[in-house]
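Just passing along the structure, written as structure tokens.
Rule-based calculations on the coordinates, nothing more; no lab input. Since the structure is predicted, the reported quantities are computational estimates derived from the model, not experimental observations. Reconstructed Cβ throughout: ideal geometry from the backbone, glycine too, with neighbour counts over all protein chains shown.
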Amino acid sequence: MSAPVAITVARGDGIGPEIMDAALRVMEAAGARIKPEFVTIGQELYLAGNSTGMDDRAWESIRGTRVIFKAPITTPQGGGYKSLNVTIRTALGLFANIRPVKALNPYIETHYPDMDLVIVRENEEDLYAGIEHKQTTDTTQCLKLITRPGSERIIRYAFEYARTYGRRKVTCMIKDNIMKISDGLFHQVFDEIAREYPDIEANQQIIDIGTARVATAPERYDVIVTTNLYGDIISDVVAEVSGSVGMAGSANIGMEAAMFEAIHGSAPDIAGKNVANPSGLLNAAVLMLAHIGQPDVAGLIHNAWLRTIEDGLHTADIYRPGHSLHLVGTSEFADAVAERVGQAPGRLDAWSLDSSRDTRITVPGYTRRPSRKQLVGSDLFIDWPGTEVNRIGRDMERLALEAGSALRLRWITNRGVKVYPEGFPEAAVTDHWRCRFVAASEPFDPVEHREITKLMEVLTGKGYEVIKTENLYLFDGEKGFSPAPGE
Ligand code: NAD
């Protein structure tokens, strides 16, 4: 028998303490080999002036245990409070968000009785990197970062998860028909890694149609892997259509630490009434026990929980007269699950993992494959309040010559639409102009950095405000930048 594993436990706010007590009681009954370290995080600390909702003592515990079992917390109303989940995720590098959702037909009402899927969402990158700027009076931007190490890690995690949990298919959902470079990289990495898992079916779908299908035919999906923003949206769609937001747990996994919680919030409207459903946190406990290598205990809890649901003992949120047998409170529900430890469900699918199986999923570190990088030009973004496309166009052509630069204007876009030369001047409705400069000789011939700085100096001297430059590179001869529309 393995030694108890230390875990950091946060009882949270609102219904947090009630559902946490319930979950811990069930874990104890099932013989979980854990050593909880209780910490206070959330509302109390926020209100005491700690903008992150966490103190040093909590961090110290988390750094030691590397596993956090967290009840929901209340973020006080008003500004200045940082999201505790985002802080923990970022500080610990929790790159994967895992959300399994399964219908419990016919016991819990659902439109999709055969739904049984897992969302594997990248948690650190994409538009959530928090790199935002207001660049001109008219224009703001948010950088979408998709990296190879980030993509490799999450996609490999999804395939390893599928293999470990006996799942058959992984679907990659992105929008690379539009974002050919960033989402295109995610897709490319997906194809590369999928080849290493011939035992698992791999397919790809555009996120918009994918989300629509998940909402109307979720039973077609098994494991879905996607980037941060799409994952955020589709996770909520999945939870909503499953009809049981109070039932799902989720895991946030990093290379060295992990956090487990219910997907719902602190439900202040029902706090302290012993009516909350502890199932979400219980399912988070199941994920945590598998993660720390105790799939035997995870299986006992999972089966006892299903048996309780089958026996018709339901909390108010899932109680349906005619289907449910007993309306129970939080603690009675926990007692019922604890009593059923050792029993298996009759109709619902029992835990199928072999208890000797190693359920600890690891992914290898990243090895960079260097590429040959060649500078071939630059997109200069200019804040210009004018509207005459020909004026800025001719100015850019003339000033590049005056600068004695090796660069020449190729075209100008306004919000991504080509407006010069021979574009759609009527599309030039903002003060945000992207001017592409490439070599005067052959476009995409190598250029030197100083050609760009020389040009910028001349443009700035003539009153054109360069708000940003984005250099254009070839990587191993391939263009690392998008062409103009229609180019
Ligand atoms: P919520 O999930 O707390 O509640 C939404 C509705 O679902 C409420 O009617 C609630 O009573 C019900 N509900 C939620 N969990 C339930 C359960 N286990 N059993 C029965 N009913 C349940 O969402 P909200 O009201 O938008 O947010 C309340 C607070 O929770 C806010 O302060 C929010 O910031 C916080 N929150 C925290 C987390 C987290 O800690 N991970 C996540 C989401 C929201």
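If the convex hull of the alpha-carbon atoms of the stretch 86-169 is projected onto planes in all directions, what is the mean projected area in square nanometres?
9.0
Taking the 0 to 90 degree range and rounding to the nearest ten, how far is the long axis of helix 182-194 tilted relative to the main principal axis of the chain, both from C-alpha atoms?
Roughly 50 degrees between the two axes.
Continuing with the same structure: Using the reciprocal of the averaged 1/r over all distinct C-alpha pairs, how large is the Kirkwood radius of the stretch 373-479 in Å?
With all distinct Cα pairs of the stretch 373-479 included, I get 13.7 Å.
Still on this model: Over the stretch 419-474, what per residue volume does the convex hull of the Cα atoms give, in whole Å³?
115
OK, next. When the gyration tensor of the stretch 1-63 is built from Cα positions, what are the square roots of 5 times its three eigenvalues, in whole Å, from largest to smallest?
Three semi-axes, in Å: 25, 16, 5.
Treat every Asp and Glu Cβ in the chain as -1 and every Lys and Arg Cβ as +1, leave all other atoms uncharged, and give the resulting dipole magnitude about the Cα centre to the nearest 20 debye.
In total the dipole reaches around 700 debye.
Subtracting the Cα-Cα distance from 0.36 nm times the residue separation, let me have the gained length for THR90 to GLN374 in nm, one decimal.
Stretched fully, the THR90-GLN374 segment lengthens by 99.0 nm.
Under 19 Å from the Cα of LYS273, which aspartates and glutamates turn up, not counting those fewer than eight places away in the same chain?
Cα-Cα hits under 19 Å: ASP13, GLU18, ASP21, ASP317, GLU332, ASP335.
Taking the simple approach of a point 7 Å from Cα along Cα-to-Cβ for both GLU478 and ASP191, what is their distance in nm?
Label at GLU478, label at ASP191, 0.9 nm between them.
Tell me which of PRO113, SER355, GLY404 sits at the most positive position along the dipole axis of the chain, charges placed on C-beta atoms (Lys, Arg +1; Asp, Glu -1).
GLY404
Here's a follow-up. So for the pair LEU401, THR137, with labels modelled 7 Å out along Cα→Cβ, what separation do we get in nm?
Computed distance between label sites LEU401 and THR137 equals 3.1 nm.
Compute the Kirkwood hydrodynamic radius of the chain, taking the inverse of the mean of 1/r over all pairs of distinct Cα atoms, and give it in Å to one decimal.
Computed over Cα pairs of the chain, the Kirkwood hydrodynamic radius comes out at 25.3 Å.
What angle, in degrees between 0 and 90 and rounded to the nearest 10, separates the Cα long axis of helix 228-242 from the longest principal axis of the Cα atoms of the chain?
Here the helix axis deviates by roughly 40 degrees.
What whole number of Å gives the distance from the Cα centroid of the stretch 435-469 to the Cα centroid of the stretch 108-153?
33
Note the per residue figure in Å³ for the convex hull of the C-alpha positions in the stretch 96-221.
With only Cα atoms used, the stretch 96-221 gives 134 Å³ per residue.
Could you work out the Rg to Rh ratio of the stretch 246-354, with Rh taken as the Kirkwood radius (inverse of the mean 1/r over all Cα pairs)?
0.98
For the charge dipole of the chain, defined by +1 on Lys and Arg C-beta atoms and -1 on Asp and Glu C-beta atoms about the Cα centroid, which residue among THR137, SER250, ILE62 has the Cα displaced farthest towards the positive pole?
ILE62
Here is a follow-up. By how many nm would the segment from LEU145 to ARG415 lengthen if fully extended, with 0.36 nm per residue of separation less the alpha-carbon distance?
95.3 nm is the gain from fully extending LEU145 to ARG415.
Over the stretch 373-479, what is the relative contact order in percent, taking alpha-carbon pairs closer than 8 angstrom and at least six residues apart?
Answer for the stretch 373-479 is 45 percent.
Once you've got the Cα coordinates, tell me which of LYS180/LYS418; LYS134/LYS180; LYS144/LYS462; LYS418/LYS454; LYS134/LYS479 are over 21 Å apart.
LYS134/LYS180; LYS144/LYS462; LYS418/LYS454; LYS134/LYS479
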